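Participant: Mind looking over this structure? Questions follow.
The values are calculated or read from the model by the stated rules, or taken from the named source; none is laboratory data. Predicted model, so just to flag it, every value in this text is computed and none were measured. Cβ: placed from backbone, ideal geometry, glycine included. Neighbour counts: every protein chain shown. When the accessible area is computed, the model is the full protein with side chains, heavy atoms only, and any ligands, DNA or RNA have been set aside. Shrake-Rupley method; radii C 1.70, N 1.55, O 1.52, S 1.80 Å.
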Amino acid sequence: MKAVRLEATGELFLRDVAKPAPGPDELLVRIEACGICGTDRHLFLGEFPSKPPVTLGHEFAGLVEAVGSGVTDFRPGMRITGDPNIACGRCPECQRGRVNLCRNLRAIGIHRDGGFAEYVIVPQKQAFVLPTDIDPLHGAFCEPLACCLHGVDLADIDAGSSVVVLGGGVIGLLVVQLARLAGATRVVLVTRSAEKRRLAESLGATATVDANAGDLVEQLTGANGLLPAGADVVIECAGVAETIEQAPALARRGGTVVILGVMPQGVKVGIEPFDLLFREIKLVNSFLNPFTHGRAADLIASGTIRIDPLISRRIGLAEASEAIGNPAPSGEIRALVVPHLA
Ligand code: NAP
Ligand code: ZN
């Protein structure tokens, strides 16, 4: 079968490899779609540790083709989404239920072969059923949605509250939808691109703001701003120093700031502890998808989250290496690798 293999930093190639066979507790899954995420680009550039040679791709869904002898809950023909993050279950963090912080975390598409291939092997405990009558491409959004769900869970959004979302990429646009579902009545998305702001408004943002149109804190929390008292919740989804520094200033007294964006390792930002303390700002970080993948699958299965506008392009395996090895074209929300592209 064909697979997109990371062989060393900066060396990503389409290769012919043996079609894998499932172990006793594993599923052989025929990939229907696998999303290209910023992490894949970091892995390519060696900015994120991996274990080459390995097939990349951790945002995947597909059809079960065969099951191992010990598999009880899945049959060939079922559509599944895989939670790529495999916790050991035994380390101190796993024992406290903090599986995303597992000391021995191993991820499909990072440490073991992933979804930029015709087939992938998925341990049955990592698989979640999707209906066969949904759009097969939507399943590839369960993983990013599960990460967003964890962030929105940590935000403790009350019905009627106000939320500011910083960054209008796929994460920000999913968070906007989840914040509305959680009961926020005002959801303001901040991003520079006018196209992404229009998209956010069509997906449920009650207002949008251009990050480049003057001082953001003044635009939002100034006397004539959209939220003069500040937001109940601010969710940072851009992963740049500017938005991480802006986030606490946009929150109301006693408000919550959730950081979803990933900054490069070693980079420091300016945060004012005095302000955080005297306004008792709750600053929390959200990492991966602990126990949220099943709920994400249910949200996708039920069509509750709008996915179609987030799909910018579909490409075959032959174009995947180039797409991963280059920055995303401007305006792109999500590119999907569709191995069996008709
Ligand atoms: P993305 O496509 O790069 O989206 C980030 C967006 O932020 C960009 O589209 C950009 O849009 C906007 N932006 C950049 N600078 C800005 C600024 N100064 N003010 C406002 N908006 C700004 O990335 P993504 O896939 O949506 O992911 C977002 C972040 O979440 C990344 O850092 C990613 O690594 C992280 N992430 C975290 C987790 C987790 O578990 N915590 C999981 C998945 C992803 P404009 O050009 O319109 O400004
Ligand atoms: Zn563990």
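Participant: I'd like the residue in region 83-99 that is in a loop (DSSP other than H, G, I, E, B) and within 16 Å of ligand 1 (Cβ to nearest atom) and, out of all such residues, is surrounded by the most Cβ atoms within 10 Å (Cβ to Cβ).
Facilitator: From region 83-99, those in a loop (DSSP other than H, G, I, E, B) are 83-84, 87-91, 96-98; that's our starting set.
Imposing the further condition that a residue be within 16 Å of ligand 1 (Cβ to nearest atom) reduces the set to 83-84, 87, 98.
On the way: ASP83: 28, PRO84: 26, ALA87: 22, ARG98: 14.
So, considering only residues that are in a loop (DSSP other than H, G, I, E, B) and within 16 Å of ligand 1 (Cβ to nearest atom), the one surrounded by the most Cβ atoms within 10 Å (Cβ to Cβ) is ASP83.
Participant: Further, regarding this structure: Tell me the helices (runs of 4 or more DSSP H) entirely within region 124-240 that contain at least 3 residues that are of a type in the set (Gly, Ala, Ser).
Facilitator: Values: elements: 142-155, 170-181, 194-202, 216-221.
Of the helices (runs of 4 or more DSSP H) lying wholly inside region 124-240, those with at least 3 residues that are of a type in the set (Gly, Ala, Ser) span 142-155, 194-202.
Participant: Is at least one residue of region 117-128 within 16 Å of ligand 2 (Cβ to nearest atom), modelled with pLDDT of 95 or more, open to solvent by 50 Å² or more (accessible area, probe 1.4 Å) and basic (Lys, Arg)?
Facilitator: At the first step, the residues of region 117-128 found to be within 16 Å of ligand 2 (Cβ to nearest atom) are 123, 125-126.
Add one more test, that the residue is modelled with pLDDT of 95 or more, and what stays is 123, 125-126.
Still in the running and open to solvent by 50 Å² or more (accessible area, probe 1.4 Å): 125.
Now drop any that are not basic (Lys, Arg), which leaves 125.
Yes.
Participant: Among residues belonging to region 100-116 that are more than 15 Å from ligand 1 (Cβ to nearest atom) and open to solvent by 60 Å² or more (accessible area, probe 1.4 Å), point out the one that is farthest from PHE287 (Cα to Cα).
Facilitator: ASP113
Participant: Residues that are open to solvent by less than 20 Å² (accessible area, probe 1.4 Å), at least 1 per element: which helices (runs of 4 or more DSSP H) completely within region 247-342 meet that? Walk me through how you get there before you give the answer.
Facilitator: Values: elements: 273-278, 293-301, 317-325.
Qualifying helices (runs of 4 or more DSSP H): 293-301, 317-325.
Participant: Can you find a residue that is open to solvent by 10 Å² or more (accessible area, probe 1.4 Å), at pLDDT 95 or above, in contact with a His (Cβ under 8 Å, 6 or more places away or on another chain) and not aliphatic (A, V, I, L, M) anywhere in region 53-72?
Facilitator: No, every residue in region 53-72 fails to be open to solvent by 10 Å² or more (accessible area, probe 1.4 Å), at pLDDT 95 or above, in contact with a His (Cβ under 8 Å, 6 or more places away or on another chain) and not aliphatic (A, V, I, L, M).
Participant: Which numbered condition in (1) more than 16 Å from ligand 2 (Cβ to nearest atom); (2) more than 16 Å from SER321 (Cα to Cα); (3) surrounded by 22 or more Cβ atoms within 10 Å (Cβ to Cβ) is the only one that CYS37 fails?
Facilitator: (2)
Participant: From the list ALA205, ALA238, which residue is under 25 Å from CYS37 (Cβ atoms), open to solvent by less than 60 Å² (accessible area, probe 1.4 Å) and within 10 Å of ligand 1 (Cβ to nearest atom)?
Facilitator: Working: ALA205 fails: within 10 Å of ligand 1 (Cβ to nearest atom).
It is ALA238.
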